[in-house]
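The values are calculated or read from the model by the stated rules, or taken from the named source; none is laboratory data. If you're wondering where the values come from, they're calculated on a predicted model, not measured in any experiment. As a convention, Cβ positions derive from the backbone with ideal geometry for all residues, glycine included, and neighbour counts pool all protein chains shown. Quick note on the areas: whole protein, heavy atoms, side chains included, nothing else; ligands and nucleic acids left out. Shrake-Rupley method; radii C 1.70, N 1.55, O 1.52, S 1.80 Å.
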Amino acid sequence: MNVTTTNDHEEERIGVVILFLSFSVLAACLSKIILSKILKNRITLPFTVTVLILSFIIGLIVTHTKTITNNFQRGEIQLSEIHPHLIYYIFLPLLIFDSSFNGHFYLVKHQLLSAVLLAGPGVLISTVIIAASSVYLFPYNWSWLTGLLFGSILCATDPIAVVALLHDSGASRSLASLIDFESLLNDGSAFVIFLIFKNIFVGETYNARLIITDILKFSIGGPVFGLISGFICVKILNRINGELEVEVALTFAISYLIFFIADVELRVSAVLALVTMGLYMAKHKYCISSNVQISLVSAWRMATYLINIMVFTVTGIILAKSLVNTATTIIAQDFVYSIVLYIVIHIGRALTVILLYPLIRRSGVHISWKDGLVLIWSGLRGSMALILVLMVDLDTRIDSVTRNHFLFHVSMIALLTLVINGTTSRFFIHFLGLKQGAKESQIVLSQALEHMQRETFSQLLQIKQDEKFAEVNWKVLDEYLPKKLLKELNEEENISSTEEVSQPLNLNGNQQFKTISMDNVNAVDRENIRNELVIRFLTAMSIDYEKQWYLGMIHRQTLDILIKSVEQAKQKRSFELHWQLLIEHFRLSFLLLNLMRFNYFDFINKWTNRLLFDHILLTIELTLGFHSAETRMDNILVLFPELITIDEQIMNEVCHEAKQYQLNAARVLHHLRKSYQLCWTAQMTKRCAQMLLKHQSIAIIHLYETGILDDNEYAHICKLIENKIFSLEYGKIQLSDDEKKIIEDPFDLLAIFKTLSNEDKLQWKSIMKSKHRWFQPDTILIEEHRPISTAYLIIRGIVECKTDTVSTYYMSDNIIGIDTLFSHSDNVCSEKTFTVSSGLVEAYVIDKDLLNTWLADENMCNQIYIEVALHTLINNYKLCLEDNHAQLKVLLCEKAKLLKNQSEIIVNSNSDDRLFLLTGTVTHLLDDDENHHLTPPLLIISAASNAYRLNLSSVVFTWTKDDEMNCFNVPSDDCIPSLQNSELSSPNVLYPRYSGETIEFTPRRQSIQVTPPIENLSHLQFIPSEIKIHNDSLI
């Protein structure tokens, strides 16, 4: 009977708590509706502060009520007596994980050191300042140990309160991220300091060794455990596809599980463990399936919304109860001390920011004095301080008077910071002008609003010409035009720059639009505008990458690399950095480089080939993704022409810079398609498989919409299709047996050896094997003004030769440096620099001995002489010749006549004939018997008929002017044009890509959780029949 009564009483307690919390959520929602819809935000209280004030008032009323007559009051009383550990374990894990996991990882990464400074030394400074003020200002005769314990409670800014405040106040993303991350970290560090001082205070044995051990255990053990947990979670989530309920539930479960294990089982900082795990998962946020991403964000937003209401409800009633219950030991003078303490806390935070400011600046985070003021004002104390002080209040080993003073002052500081700072933060940020944003942001925003006006005006003119809208009341319609919207925007956000575009639209069709005047913009502002445009364009690229992933065009690993590089580029405001970071992933790994050195064993060679094949696939996919995003950026100016009116010169510079790297990507793709045909085939086959799966998705949607398929059939088939798409994420396309030889043999790719007999090929293949090398991107092969001892026969890859005005790119079958190496003089220096460009280069290293062996081989020497002559002509006689590199090669191979090692042969040349002396000497025979001996290298363009006598050492090429003219239309296959080539300004689309629009499909029944596929295939563009890069302007 007693057991039954106890159980009934426990159920009643739980029921009344749920009743009170349900009412709190309802009241909070109603208050938000009243403030936003009825009062039109005239009372600009942050939502969380509103909840706090309401619950505080309810708490005061219930606490002063002598008789308890209803379950509502009983629920308030039960909730006000909640154990602090319940608040700690129920509310904190979700809010901390949400803040770290749904935060902006790359902003946090940039601000990590600054946040650590504020959360480490900053917390210690604040603790000491608060302790000193409590010891010397309070009349309680506290010792320094008591003061330090008190300071450790109040030193931490509350992450729950700060996050909610920043979301409501409109602070900039960068500043909000720094404050948010700092509050999360100092929450963990303050908890460590609190536990140490509390244990010492209650008499536990502590020495310096134990203190240092605990600090290291909490500050290092927590992050290490969080990092390991995050790694495991990412691996698990990567193997789950499209399981909405599983993936969402998993993120909620792990936040509680990791928090509990870290705090209870491992005795490390649970907060730091959860923050670290959340940040690691934020870095790899695409471990969540593409079709679950939006739902996951919505689920967490809903959860944090409800928990924030509950947290501030509990905080309010606990504050009310704490102030009332300490009334017996608190006098009026203590309220004055709390106000003084409130001022001291802000002075201490200001000193902390000032002292750490130089170190913060050196860490790379640049905060203005206005940002510093917001940083000081954001030091809210809330639930975390209450949790710590309630732990003290429940510890009977501490005398009751001290506990009451602790509880009163902490409650007062929490109330004052939440109400005063929380209420005034929005006004403070507006007053400092931080909500409005920088000048360059306002200029871009102004033109965006101008674009909105233009689009609306265009649509309005079409409506007026439509007879179906002849009876429209145009005066009433005026309320729904951009003029009204911009006016409301100006009133709510105080964005003064929109006034320049907030003109009424002329319904008669005569509309004049203002543009931004750049007359008063100085050089610094122009640079800032340029940087802002680069950031906007890079942001557009990151969105495009996510769209490609959503459509299955790129893997999660590829998306991670692309997003990581573009986010780092945004920090430096540089297109170049984005491309260079991608090139870093084109490099061979340390493992692969070392495996290539042990090419004596078949099993190692097979392993090496598989790794190399996967590496080339990743290179292709990265380059395709980058090229696609850059190509679609061309549409920005077409769709948004108002950007040009900001500053045409700046826009042209930004677009030209972006175009350069687009052309670089096009060159790399051209090379990859030509040099790694099997890899390209596998990649394109996979994309065609994705295309077919998209077709199937569209067909299923059409069948479902017409009622042919019921809900279960539709969901089941869509699930099968999604599984096929997911299998392409980690699986490989199964090629036929005759295509499984992985990477093509390098020797077989070179045209220079193809004319040899099979026996000669085997001999030369054995010789060249020891000369085979791989070179990483940006490696300098030949440096200007340095002696040359080797040349390089390019097998695969692109080598750039850059001069002051133009760059030439060499590909397969070119031997760079061969002309200088061929010279018979010792220590001859190169006149140009040759660098590995935008990818790997596979080449044979050619030294003088190998070159002489080639020249001694009758089957090889003609090819080598042609190559030497080609490079010599390009490097020394470009101004005399009208042909480019490819045309000259055809000229020497097919048109020119090669004469070598023939004694006493007379060569007669007519007007405009060409004679090129490569080596040896020739004698110019003159009519007056005074013969001239000519030395190489020398190009002779005859102005009249002449005769030349060769000797045994002579190597000569002869051709006519007509031969040169016949080679003008020869396309290039071995060399890519310079950046000056205008025909590459609009390269063809190289692979299936997203066209920039998404058409969502919502199933008829909301219970079916299936990814909405692309409804209209016209938004996908696929592989053209041929990829061709023109080469009409080569050197």
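Odds and ends about this structure:
- Interchain or long-range residues, amide H under 5 Å from Leu938's placed H: Leu917
- Debye equation applied to the C-alpha atoms of the stretch 177-333, log10 I(q)/I(0) at 0.18, 0.20 Å⁻¹: -1.17, -1.28
- For a label point 7 Å along the Cα-to-beta-carbon line of Glu265, residues of the stretch 224-248 with backbone N under 20 Å: 224-237
- Stokes-Einstein diffusion coefficient of the stretch 529-741, Kirkwood radius over Cα pairs, 25 °C, 0.890 mPa s, in µm²/s: 125 µm²/s
- List Met302, Met452, Met633, Met541, ordered by accessible area with a 1.4 Å probe, largest first: Met302, Met452, Met633, Met541
- Relative contact order (%) - criterion: Cα under 8 Å, at least six apart; region: the stretch 529-741: 21 percent
- Packing around the peptides 805-814, 97-106, taken as the average count of other Cβ atoms within 10 Å per residue, puts them in this order, highest first: 97-106, 805-814.
- Of the chymotrypsin sites (Phe, Trp or Tyr not before Pro) found in the stretch 534-643, those that fall in a DSSP loop while having at most 13 other beta-carbon atoms within 10 Å are Phe598, Tyr600, Phe601.
- Assigned charges on the beta-carbon of Lys, Arg, Asp, Glu; the stretch 763-882 dipole about Cα centre (debye): 320 debye
- The residues neighbouring Val472, those whose beta-carbon lies less than 14 Å from its own, together hold a net charge of -2 under the Lys/Arg +1, Asp/Glu -1 convention.
- Sorted largest first, the principal axis extents computed over the alpha-carbon atoms of the stretch 173-255 equal 54, 30, 18 Å.
- Kirkwood-type radius of the stretch 235-314, with distances r between different C-alpha atoms, in Å: 13.8 Å
- The local environment of Lys719, defined by Cβ-Cβ distances under 12 Å, has a net charge of -2 under the rule Lys, Arg +1 and Asp, Glu -1.
- Accessible area per residue in Å² at 1.4 Å probe, computed on the stretch 529-741: 44 Å²
- Euclidean distance of C-alpha centroids, the stretch 199-241 and the stretch 806-861, integer Å: 58 Å
- All Cα pairs of the stretch 807-878, percent lying beyond 18 Å: 42 percent
- Remark on Val907: its backbone amide H falls under 5 Å from those of Tyr948, Arg949, Leu950, a criterion applied only to residues 5 or more positions apart or on other chains, H modelled at 1.01 Å from N.
- Rel. contact order, % - alpha carbon contacts under 8 angstrom, at least six apart, the stretch 763-882: 34 percent
- Annotation: Leu562 carries an accessible surface of approximately 0 Å², with a 1.4 Å probe and no ligand, DNA or RNA atoms counted.
- Averaged per residue, the stretch 763-882 has 42 square angstrom of accessible surface, using a 1.4 angstrom probe with ligands and nucleic acids left out.
- 3J(HN,Hα) from dihedral phi, the stretch 678-689, Karplus parametrisation 6.51/-1.76/1.60, rounded to Hz, x for glycine, proline: 5, 4, 5, 4, 4, 5, 5, 5, 4, 5, 5, 4
- Calculated P(r) of the stretch 538-635 - Cα pairs past 22 Å, %: 37 percent
- Computed accessible area, Cys893, all protein chains, 1.4 angstrom probe, square angstrom: 70 Å²
- Rounded to whole numbers, the Karplus 3J(HN,Hα) couplings from phi for the stretch 797-803 are x, 10, 10, 9, 10, 10, 10 Hz, using 6.51 cos²θ - 1.76 cosθ + 1.60 with θ = phi - 60°, and x at Gly and Pro.
- The calculated FRET efficiency for Glu784 paired with Lys464, based on their beta-carbon distance and R0 = 60 Å, is about 0.35.
- In terms of distances greater than 23 angstrom between alpha carbons, the cross-link table entries Lys754/Lys895; Lys217/Lys285; Lys547/Lys659; Lys283/Lys572 yield Lys217/Lys285.
- Karplus-based coupling profile of the stretch 874-882, in residue order and whole Hz: 5, 7, 10, 10, 4, 5, 8, 10, 9, with θ = phi - 60° in 6.51 cos²θ - 1.76 cosθ + 1.60 and x standing for Gly or Pro.
- All C-alpha to C-alpha distances of the stretch 763-882, sorted into 5 Å bins beginning at zero, yield P(r) values of 2, 11, 21, 25, 21, 13, 5, 1, 0 percent in whole numbers.
- With the charge dipole of the stretch 312-456 set up from +1 on Lys and Arg Cβ and -1 on Asp and Glu Cβ about the Cα centre, the Cα lying farthest toward the positive end among the listed residues Ser378, Thr396, Ile318 is that of Ser378.
- The apolar share of the surface of the stretch 529-741, taken as the fraction of accessible area on carbon and sulfur atoms (1.4 Å probe, ligands and nucleic acids excluded), comes to 58 percent.
- Amide H contacts for Asn814 (H built 1.01 Å from N in the peptide plane; partners 5 or more residues away or on another chain; cut-off under 5 Å): Ile794.
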